[in-house]
1. Take the residues of the range 110-119 that are of a type in the set (A, V, I, L, M) and in contact with a Leu (Cβ under 9 Å, 6 or more places away or on another chain): which is most open to solvent (accessible area, probe 1.4 Å)?
2. For the range 233-252, enumerate the residues that are at pLDDT 90 or above and open to solvent by 80 Å² or more (accessible area, probe 1.4 Å).
3. Given the conditions (1) without any contact (Cβ under 8 Å) to a residue 60 or more places away in the chain; (2) farther than 16 Å from residue 105 by Cβ; (3) open to solvent by 50 Å² or more (accessible area, probe 1.4 Å); (4) under 19 Å from the mean Cα position of the chain (by Cα), and given that residue 282 satisfies all but one, which numbered condition is not satisfied?
4. Return yes or no: is residue 263 within 19 Å of the chain's Cα centre (by Cα), closer than 19 Å to residue 144 by Cβ and in a helix (DSSP H, G or I)?
5. Does any residue in the range 176-204 that is closer than 19 Å to residue 149 by Cα come within less than 6 Å, Cβ to Cβ, of a residue that is open to solvent by 60 Å² or more (accessible area, probe 1.4 Å) and not aromatic (Phe, Trp, Tyr) six or more places away or on a different chain, and which pairs are these?
6. I need the full set of residues from the range 220-248 which are in a helix (DSSP H, G or I) and charged (D, E, K, R), in order please.
7. Only one residue in 215, 256, 230 is crowded, with 19+ Cβ neighbours inside 10 Å and either more than 22 Å from residue 287 (Cβ to Cβ) or in contact with a Lys or Arg (Cβ under 8 Å, 6 or more places away or on another chain) (or both). Which one?
8. Among the residues of the range 18-39, which ones are among the small types (Gly, Ala, Ser) and open to solvent by 30 Å² or more (accessible area, probe 1.4 Å)?
Amino acid sequence: MSTPTLTQRAQTFLAERRRLGFQGRNTRYALISFARDMDRQYPQGALTVERMADWARRDKWRRGTPETWARRLKLLRPFARWLRQFEPRTAVPDESLFGPIPGRVAPHIYRDDEIEQLLAAARGLHPKGGLRPATYETLFGLIASTGLRVSEALALRDTDVDLSAGTLTIRQTKFAKSRRLPLHPSTVDALARYRRLRCRSVRTTGETPFFIGTRGRRLGQPLGQRQVHRVFIELRQQLRWVNRGAHDGPRIHQLRHSFAVRRVMLWHRQGIDIDQAMLSLSTYLGHAKISNTYWYLTAVPELMGLAAEKFERFAEAPGAGDE
């Protein structure tokens, strides 16, 4: 029996992870790319740190930064540890090889007027008054009002959108969990308008994608993430927003950040116990760990400002300094 190639090993590893509930599209793509590259260049011999490090430096975007290389190398570590059971000479690269991986950076938090501008710009797409502008206006509005991931919104089927109950069903998403989300009445109204318009253009079943392509042979087909991001960038450039985040510009995913931040800010103003409320927000957002939700408290200046005001009021209260 011939020895499996590294690509075949990688496919087995990824299949085992999927059975355990891991999704990770980027990880799958990177690992298969790495394995095929190793099979081409080094069909024989053990997997060494030098070979993995060389691959990590050759990212297709040519960013040329140790941070990028460290992230790429991190994707290989679980696979290398798993592979050692079959290939004992396999090396596992040390985390310090390219230095630490930077933590999350501050996002652009959208103001209400920016979200209104985005929806108005989407409404102005061509053809005016057609299904395409309605699709993007409703999609961006839904993400902003619910904090959905882009992938979750695009994966919705018609049967997942229960407008009578005012709920969305999000199925088997990033962490292989499903959840049901209540919707604000204004969001229900917007989704109902879009559904009526969409049903005039395509025949609909329960399995029809809720958000569909609208041009040529793409009519009625699922929207792709690349297509959605391309339209968003076009609108962003048109609106000429001033970037307030640490990325190269405002992103769609930051509508999700903005939803979470607005909710926590509202709780602050209402005097609600944040620690008690964060679990419900974490569940609503579909976070695997509540620590991912707490990140919003430290990453956004607006929230830090509210926390500082709250502390100042406490410090100025009578008897606050007494022991």
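The values are calculated or read from the model by the stated rules, or taken from the named source; none is laboratory data. Note that the structure is a prediction, hence the values are computed from the model and not measured. Here Cβ is always computed from backbone atoms with ideal geometry, including for glycine, and neighbour counts include all displayed protein chains. Remember, those area values only see protein heavy atoms, side chains included, never the ligands or the DNA or RNA. Shrake-Rupley method; radii C 1.70, N 1.55, O 1.52, S 1.80 Å.
1. First pass over the range 110-119, keeping only residues of a type in the set (A, V, I, L, M): 115, 118-119.
Then keep just the ones that are in contact with a Leu (Cβ under 9 Å, 6 or more places away or on another chain); that gives 115, 118.
Working: 115: 21, 118: 2 Å².
The extreme case among them is 115.
2. 234, 237, 238, 240, 242, 251
3. Going through the list (1) without any contact (Cβ under 8 Å) to a residue 60 or more places away in the chain; (2) farther than 16 Å from residue 105 by Cβ; (3) open to solvent by 50 Å² or more (accessible area, probe 1.4 Å); (4) under 19 Å from the mean Cα position of the chain (by Cα), residue 282 breaks only (3).
4. On the way: within 19 Å of the chain's Cα centre (by Cα): yes; closer than 19 Å to residue 144 by Cβ: yes; in a helix (DSSP H, G or I): yes.
Here the answer is yes, as residue 263 does meet what is asked.
5. Filtered contacts from the range 176-204: 178/171; 178/172.
6. Kept after step one, since they are in a helix (DSSP H, G or I), are these residues of the range 220-248: 225-239.
The answer is 226, 230, 234, 236.
7. Working: 215 fails: crowded, with 19+ Cβ neighbours inside 10 Å; 230 fails: crowded, with 19+ Cβ neighbours inside 10 Å.
So the residue among 215, 256, 230 that is crowded, with 19+ Cβ neighbours inside 10 Å and either more than 22 Å from residue 287 (Cβ to Cβ) or in contact with a Lys or Arg (Cβ under 8 Å, 6 or more places away or on another chain) (or both) is 256.
8. Quick first cut of the range 18-39, residues among the small types (Gly, Ala, Ser) only: 21, 24, 30, 33, 35.
Passing the criteria: 24, 33.
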